[in-house]
Amino acid sequence: MSNYIAIRELMKKISGQDNTITIPKLYIELTGDLTTALVLNQIVFWSDKSKRADGFFYKSYKEWQEEVFLSERQVRYAVKKLKDNDFVSTKLKKANGAPTLHYKLEFDNLLDSILTICQNPLLQNVSMENDKMSDSLDADKMSETLTDEYNSRLQQKNTTDKKDNVALAPSLPFSDIVDYLNEKAGTNFKSTTQKTQSLIKARFKEGFTLNDFKKVIDIKTAEWLNNKEMNRYLRPETLFGPKFESYLNQKAVKGNGANANAQQLAQDYDLPF
């Protein structure tokens with residue numbers, strides 16, 4: 001079994017149990033909050049339980065509530081955040097004769113993020129209430145495995161970047177974009193962070209330009225800057241993520257005042273309105 005497969009299996013092994021919910025601290029570090037980490041934890045657990053060949057599985061909001069005691073709104077928030085980080089995909093597919101939201105774990109993206117931020121694994125003691133399993137992970141062995149896999153995949157990534165982005169990477173205006181956002185929104189984001197650069201690079205690969213970034217920043221700062229509910233979303237993670245094109249082409253929000261703000265919030269963050 002390769003190191004990559006071994007790590008995948010280990011991640012599944014420590015994620016989600018029938019009677020005990022064990023959340024790896026690494027998931028909390030990756031997602032930034034406990035609710036999203038809990039949802040990620042369960043999606044990892046259920047990711048290979050589906051009979052579908054495409055890897056999608058479905059779970060109703062009632063089932064989420066029964067399983068991890070989260071409300072529909074909490075699940076929607078967490079899934080939206082996971083989608084923005086490319087850890088999870090969702091699609092409406094038929095289940096029990098009706099369109100139902102299905103989830104799919106983007107395992108490679110999740111693993112890439114884990115390998116990037118951490119070469120030393122967290123110790124996890126995994127136990128089950130039914131006493132069928134009690135495992136203790138060997139930290140030294142796991143550290144060696146994860147480090148080897150990290151170095152191997154990093155070398156592959158660097159090789160790919162040199163081939164695919166040799167002309168693109170030096171010319172990407174990371175500073176111009178982030179500085180413009182900071183100037184317009186009164187923020188202090190750094191242009192050197194890996195996540196911000198990866199978002200900008202992804203949009204440039206899709207064919208967008210520096211002027212497109214500035215236009216999105218102009219549109220959303222005009223809309224959100226003086227809105228105390230929304231101005232916290234004036235950040236690279238939100239503006240330069242999967243909704244970039246829709247922001248670039250968005251029409252003026254109909255209505256005004258609090259109702260218009262609520263409509264925009266529901267539209268942008270997939271919340272019920």
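Which of 93/215; 94/220; 62/228; 25/220; 83/205 have a Cα-Cα distance over 26 Å?
Numbers: 93/215 35 Å; 94/220 35 Å; 62/228 32 Å; 25/220 34 Å; 83/205 19 Å.
Exceeds cut-off: 93/215; 94/220; 62/228; 25/220.
Within region 189-238, list the trypsin sites (Lys or Arg not before Pro) lying in a DSSP loop whose Cβ has at most 14 other Cβ atoms in a 10 Å radius.
On the way: sites: 190, 195, 201, 203, 205, 214, 215, 220, 228, 232; in loops: 190, 228.
Sparse-neighbourhood loop trypsin sites (Lys or Arg not before Pro): 190, 228.
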Completion exercise
Extension length gain for residue 100 and residue 219 (0.36 nm per residue less Cα distance), in nm, is 39.5 nm
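Accessible area of region 185-256 with a 1.4 Å probe: how many percent of it is carbon plus sulfur?
On the way: 1960 of 4170 Å².
Reported share for carbon and sulfur atoms: 47 percent.
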Completion exercise
Once residue 176 and residue 53 are pulled to full extension, the length gained, defined as 0.36 nm per residue separation minus their Cα-Cα distance, is 39.9 nm
Problem - Per-pair calculated FRET efficiency, R0 = 45 Å: residue 248 and residue 29 via Cβ, rounded to 0.05 - result: 0.90
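Per residue, how much accessible area does region 186-225 have with a 1.4 Å probe, in Å²?
Working: 2180 Å² over 40 residues.
Dividing the accessible area of region 186-225 by its residue count gives 54 Å².
Using only Cα atoms, what is the ratio of the radius of gyration of region 46-102 to 2.2 N^0.38 Å? Could the numbers behind the result be given before it?
Working: Rg = 11.6 Å, N = 57, 2.2 N^0.38 = 10.2 Å.
Ratio of Rg to 2.2 N^0.38 Å for region 46-102: 1.13.
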Problem - region 34-73 - accessible surface per residue (Å², probe 1.4 Å) - result: 54 Å²
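The values are calculated or read from the model by the stated rules, or taken from the named source; none is laboratory data. Keep in mind it's a predicted model, so treat the numbers as computed, not measured. Every residue, glycine as well, gets a Cβ built from its backbone with ideal geometry; the counts of neighbours run over all protein chains shown. Only protein heavy atoms, including side chains, enter the accessible area calculation; ligands, DNA and RNA are left aside. Shrake-Rupley method; radii C 1.70, N 1.55, O 1.52, S 1.80 Å.
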